Structure formats: structure tokens, C-alpha cells
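The values are calculated or read from the model by the stated rules, or taken from the named source; none is laboratory data. Quantities reported herein were computed from a predicted structural model and do not represent experimental measurements. Backbone-built Cβ (ideal geometry, glycine too); neighbour counts: all protein chains shown.
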Amino acid sequence: MKRKEMKALARLQIEGKIGPLFLVSFVGNIIASAGSGFPIVGVILSFILTSAISLGLIYIHFRVAADPSYRPRVGDLFNGFNNFWPFLKVMLLSSLFTFLWSLLFVVPGIVKALAYSQAPYIIAENPNMPAMEALRQSERMMKGRKTEYFVLNLSFIGWALLAIPTLGLLYIWLEPYMQMTMINFYSDLKSSQGYFDPFGTTPPPPPPPFGEQF
């Protein structure tokens, strides 16, 4: 799909569901920040809670994409706690590697962040996949698509600026719109590269041995 098609589909997918989607996101942010007031332990707790809630939100948006009759519920957020450990490992490793590449220069760090951007979705659908394999899978899926993904993210800057005069009220619509657009990008990656059907559950083919990556 082209960028405009992904965004148009996202608007259709969230139609009539803005309220529930914003509510689960709002509650998720409150839960994720629960430990932020405590030093050290609070940072660790917040990172764990943020990972679990982020995974729950991915599950919710996957379901919105797959089932037009589904209406998100706050309780669905907690599904992310079922498989949050594999997701947490992916988030830790991607953050670490991106940081290390950023030490070389800003651009390599951005490139790596784009390369790893699909790993959270991959591990969400394949919780038994090792974290390193999820990262390598994301790198292969994003080969030749990084610029497209970068531009897709930039395309929301105008909306973000428009949200400022509304005191952030526009984000009630903008956040689920962005989230669903990114899900559609991931779905397009899967279908266009033959990994597995859009929003399906068949895992991608196993990655080649590490040495064959280079």
C-alpha cells in the first residue's frame, strides 16, 4: 500500500472507536507512570510497566485491524502482561543497540532505530521467538523500506502541530490514527514480502544463521 492508502485505511479502522481507543491509551499511560516517582527502582518498574502496557496496546490495535466489530476495553490492556518478558527483552536490546550505534554518530543511530522498528510487532505475534531473531527479522523486513517508514512518521508532524492550539484535545483522535497507520505499515511489510498474511498468525520463516547476515 501507498502511504495515503495506509492512512486512509487507518481512519476507517478507528471510525466509531476513538473514545474507547483513547480511554485504553489514557489508562495505560497512567499505569505505566505508576513507579516514576521512585528513584532507581521506580525507573525499572516504569520500564517494565511501559513494556507490558505497550504490548497490550499492540494487541488491541491488532484486533481493531482484524475485527471491525471489536470495541477496545480497558481490561484488554492487561493481556500485555501475559507475554511481556519476550517483549521487554526486545525493547531492552533494541534500545541498547540503537544507543551504541548513536555513539558513532546520530545518523547510524536513527538508521538502526528504523531497522528495529518492527521488532515489537514481530515479538507480539511470535512471543516464543528469541529477541535477537526478532531484531534481525525486523532488519530484513525493513531493508529498502526505512525511508518510507521515516517519511510516514514525518507525515504526522502537521497534525501534531495542529494539536497544540487545541490544548492537546486533537491527540484524542491523532494517537489512535497514528497507531493504526503503523499497524497497517507492518501488515503491508508482511504481505508484500511474503512473510505471512496481513493480521494472520502464521510465524515468519526462521532467519538464516547469524553469519549469513553480513
For segment 157-170, how many residues are modelled with pLDDT under 85 and either in a helix (DSSP H, G or I) or on the phi > 0 side of the Ramachandran plot (or both)?
-> 3
Would you be able to tell me the number of residues in segment 174-194 that are touching a residue at least 24 places away in the same chain (Cβ under 8 Å) and surrounded by fewer than 17 Cβ atoms within 10 Å (Cβ to Cβ)?
-> 1
Segment 32-149: helices (runs of 4 or more DSSP H) wholly inside it with 1 or more residues that are touching a residue at least 12 places away in the same chain (Cβ under 8 Å), more than 22 Å from A10 (Cα to Cα) and charged (D, E, K, R) are 84-104, 106-115, 131-141
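To keep it simple, each residue is scored yes or no on (1) aromatic (F, W, Y); (2) under 15 Å from I123 (Cβ atoms).
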site	(1), (2)
A52	no, yes
L55	no, yes
F62	yes, yes
A66	no, no
R73	no, no
N82	no, yes
F87	yes, yes
M91	no, yes
L103	no, no
Subset of segment 112-146 [hydrophobic (A, V, I, L, M, F, W, C) and farther than 16 Å from T98 by Cα] | I122, I123, A124, M129, M141
Limited to segment 46-76, what total is found for residues that are small (G, A, S), within 17 Å of S117 (Cα to Cα) and surrounded by fewer than 21 Cβ atoms within 10 Å (Cβ to Cβ)?
-> 1
Quick check: is even one residue across segment 84-104 within 20 Å of T181 (Cβ to Cβ) and of a type in the set (S, T, Y)?
-> no
Could you say whether any residue in segment 85-99 is surrounded by 15 or more Cβ atoms within 10 Å (Cβ to Cβ) and within 24 Å of K2 (Cα to Cα)?
-> no
